[in-house]
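Q: Sending over a structure as C-alpha cells; questions will come in a sec.
The values are calculated or read from the model by the stated rules, or taken from the named source; none is laboratory data. Not measured: the values here are computed from a predicted model. All Cβ positions, glycine included, derive from the backbone under ideal geometry; neighbour counts span all protein chains shown.
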Amino acid sequence: MEKGTSTITVDQTSANPPDQYDLKHFQQCLQAETQLLKSWFAQHRFSEQNIEAGFEIEFWLLDDKFAPKPTNLQFVKGLGCPAVVPEVGAASLEINSDYQALDGKVFTKFHKHLTQLWHQCLSYAKQHQQNLIMIGMLPTATSQNFTPQRLTDVSRYHVLDQLLAQLRHHQPIPIDICGKQHLQAAVPSLAMNGSTSSFQLHLRVSSADYVRYYNSAQIITAPLLAISCNSLYLLGKALWAETRIPLFEQVMTVRCFPDHPQINYATFGNDYVRESLFELYQENLTNYPPLFPKIFPQSHDPKTAMHYVRAQNGIVYRWNRPVIGFDANGQPHLRIECRALPSGPSIIDMLANAALFYGLTHALAHSQPAPESLLSFDHAKRNFYQAAQYGMDAELIWLDQKTWSVQKLLLEKLLPLAETGLTDLGIDSDDIQLYLTIIADRATKNLSGSAWQQQFTQHHGSNFAELVKAIIHYQQSGQPMHTWPLK
C-alpha cells in the first residue's frame, strides 16, 4: 500500500463488474482534480442559489427481542422506498429527506415528510416482526454485532475494511473510552462504526458566504451537541454523553503509515477556514493518505464529476464536513454537513435540534465582529469535546470569554440568537415558536436523551432491553423526549 504500485480487484456479490483500486493512480487523479477544484473557487464556478436545508436520519433494525437484526438489504428491497437506504452496519438504515428552501414553514414540511417516511418503515417492520429505533448508540448491541460479518454486504464497506486491516497489519482496533465508566476493548472491524447512528444536517450556502457559515457551524456545534446527546451506553457501560464521538474517532485513527505515526480521519479539524473552503480540500490531499483508492472510468469527466476529490472527502470524517454537490444541470454547489448529532430521541426532537442549528449558524454568520475573531479555535474544539463527554453538565467558553453552563448559555444567549437567525431567514413564527420551545423546555429541565436514558436505568436497573422497549414506545408516540415519563 505505501508504495502505491498494486492494483486490487475486489469480488462483489452483485452481477456488476468488479471495481478496481490502485493507490498510485488514485493519488495522481486526486492531485489533478484538486488543482482543477482550486480554479473553480478562483473562478466562482459554484451555484449561488438561496439557502437550502436537508437531513439524513440513521436508525437501527431490531428483532423481536430488541437485538440488532442484520438484514438491512432485505428491508430496503422489500420496502421499495428510494429515500430509505442501507448504512455501513448490516442492522443500520438511513432516511434521506429532499432539500427545501430554508424559509416559511420549512420545519413543518420536513416534520410531515419525515413522519410519513418513518411510519412507512414502521409499518413494514411490524409486518415482519421487526422493531426500529432512532438512537445514537444501541444499548442492546454486543461485541458480536461488530464483526466483519456484520458489515452491510456492499463492496465499498468490505474494501475499506480490508484496506484498513492491511494498514494495521490485521491487528484489532483498540478502543479506550473513559467516561462515567471505563471501556477497553479490541474490535476486529470497521463494523464498529455501524454501532453509531447520526442525524446529519445539510446546509447549502453560496460560496461567498461559506467561510462565515462554516466557522459559525464549528462554534455552535458544542452547545448544540450538549443538548442533543443520545448515545450513553456502549457494550453495557455508561461512557460519554455522546459516546459516538470518541468511538468513531478511535475506529478511524490509523497508526501504520510510515511517515505519519497517527492520522485521525474522524476529526473536529485543525483551524477555522480563513479564506476559502478550498483549504479543507487541500488538507484532504496533503494530510490524509487515501484509504479508498477506487479507479473511476475515464468517461467520468472531472469537469462535471470531481469523483476523486469527492471520494477522498468521503473518508475524511470532519464533524462539520464540506460537501460538493451537483445540480441537475451539472452546476456544482457547496454544502455544510453537520455530522456530530445523534439520531433520536424522536423526529420532533431532531427537528428542534435542526432549528437551533440553522438559526444559530445563520445568526452568527451575519454577526459583527465575526465570532471566530472572538473565540479561538482551540476553545471551540475544547467546547466540542466537553459537550460530547459531559452533555448538559459541560461548561463551555463563549464569545465573551466567560465560562457558561450549557443550560444558562442556551436560555440566556443562544435561544434568543437562534430566534433572530430563524426570523431573518424568513421562517414562519409558529415554526420558530414550536421547535425552539422544545429546546427551551429541554434546557429548563437540564435534559438530553442520554440524561433520560441514565434516569431510566437508575429507576429500573440496567435492563437494556427494557430501556430500548421504552424508547421505542415513546418514540412512536411522536411526543418530544422531555415529556416522556420514566414508567
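Q: Has segment 44-58 got at least one residue that is free of Cβ contacts under 8 Å to residues at least 40 places away in the same chain and surrounded by fewer than 21 Cβ atoms within 10 Å (Cβ to Cβ)?
A: Scanning segment 44-58 turns up no residue that is free of Cβ contacts under 8 Å to residues at least 40 places away in the same chain and surrounded by fewer than 21 Cβ atoms within 10 Å (Cβ to Cβ).
Q: Could you tell me which residue of segment 125-159 is surrounded by the fewest Cβ atoms within 10 Å (Cβ to Cβ), considering only residues that are charged (D, E, K, R) and closer than 15 Å to residue 61 by Cβ?
A: Within segment 125-159, the match that is surrounded by the fewest Cβ atoms within 10 Å (Cβ to Cβ) is 126.
Q: Okay, next question. Of all residues in segment 443-456 being over 22 Å from the mean Cα position of the chain (by Cα) and crowded, with 19+ Cβ neighbours inside 10 Å, which is nearest to residue 199 (Cα to Cα)?
A: Looking at the filtered set, the residue picked out is 443.
Q: Also: Residue under question is residue 281, and the condition is that it be part of a loop (DSSP other than H, G, I, E, B), crowded, with 18+ Cβ neighbours inside 10 Å and touching a residue at least 60 places away in the same chain (Cβ under 8 Å); does it hold?
A: Working: part of a loop (DSSP other than H, G, I, E, B): no; crowded, with 18+ Cβ neighbours inside 10 Å: yes; touching a residue at least 60 places away in the same chain (Cβ under 8 Å): yes.
So residue 281 does not fit the description; no.
Q: Could you list, in sequence order, all residues of segment 276-299 that are over 21 Å from residue 165 (Cα atoms), of a type in the set (Phe, Trp, Tyr) and under 23 Å from the mean Cα position of the chain (by Cα)?
A: Once the filter is applied, which keeps residues that are over 21 Å from residue 165 (Cα atoms), of a type in the set (Phe, Trp, Tyr) and under 23 Å from the mean Cα position of the chain (by Cα), segment 276-299 yields 278, 281.
Q: Another one. Using beta carbons and a limit of 6 Å, which pairs, at least six apart or on different chains, have the first residue in segment 158-183 and within 14 Å of residue 250 (Cα to Cα) and the second one among the β-branched types (Val, Ile, Thr) and at pLDDT 95 or above?
A: That search, which allows pairs on different chains as well, returns 183/177.
Q: While we're looking at this one, here's another question. Any residue in segment 87-98 that is of a type outside the set (S, T, N, Q) and part of a helix (DSSP H, G or I)?
A: Within segment 87-98 (the criterion being of a type outside the set (S, T, N, Q) and part of a helix (DSSP H, G or I)), the answer is no, since none of the residues qualifies.
Q: If you go through segment 263-278 one residue at a time, how many are surrounded by 15 or more Cβ atoms within 10 Å (Cβ to Cβ), more than 20 Å from residue 383 (Cβ to Cβ) and not β-branched (Val, Ile, Thr)?
A: 4
Q: Also, I was wondering about something else. For segment 357-379, name all the residues that are of a type in the set (A, V, I, L, M, F, W, C) and not in a loop (DSSP other than H, G, I, E, B).
A: Result: 357, 360, 363, 364, 365, 377.
Q: With the condition kept exactly as written, say whether any residue in segment 407-430 is in a loop (DSSP other than H, G, I, E, B) and over 24 Å from the mean Cα position of the chain (by Cα).
A: Scanning segment 407-430 turns up at least one residue that is in a loop (DSSP other than H, G, I, E, B) and over 24 Å from the mean Cα position of the chain (by Cα).
Q: Considering (1) part of a strand (DSSP E or B); (2) over 17 Å from the mean Cα position of the chain (by Cα), say which one residue 308 fails and leave the rest.
A: (1)
Q: Okay, moving on. Would you pick out the residues in segment 322-356 that are part of a helix (DSSP H, G or I) and either touching a Leu at 6+ places or on another chain (Cβ under 8 Å) or free of Cβ contacts under 8 Å to residues at least 60 places away in the same chain (or both)? Explain how you work it out, then say what you get.
A: Filtering segment 322-356 for residues part of a helix (DSSP H, G or I) gives 347-356.
Passing the criteria: 347, 350, 351, 352, 353, 354, 355, 356.
Q: When the residues of segment 80-95 are narrowed to those that are without any contact (Cβ under 8 Å) to a residue 24 or more places away in the chain and over 17 Å from the mean Cα position of the chain (by Cα), which ends up nearest to residue 48 (Cα to Cα)? Lay out the reasoning, then the answer.
A: We begin by selecting, within segment 80-95, every residue without any contact (Cβ under 8 Å) to a residue 24 or more places away in the chain; these are 80, 82, 85.
Retained after the next criterion (residues that are over 17 Å from the mean Cα position of the chain (by Cα)): 80, 82.
Working: 80: 34, 82: 28 Å.
Only one residue tops the list, namely 82.
Q: If you don't mind, there's one more thing I want to ask. Give segment 37-48 a look and list any residue that's out of contact with any Asp or Glu (no Cβ under 8 Å at 6 or more places or on another chain) and in a loop (DSSP other than H, G, I, E, B), or say none.
A: 44, 45, 46, 48
Q: Go through segment 96-124 and report how many residues are surrounded by fewer than 19 Cβ atoms within 10 Å (Cβ to Cβ) and touching a residue at least 60 places away in the same chain (Cβ under 8 Å).
A: Total meeting the criteria: 7.
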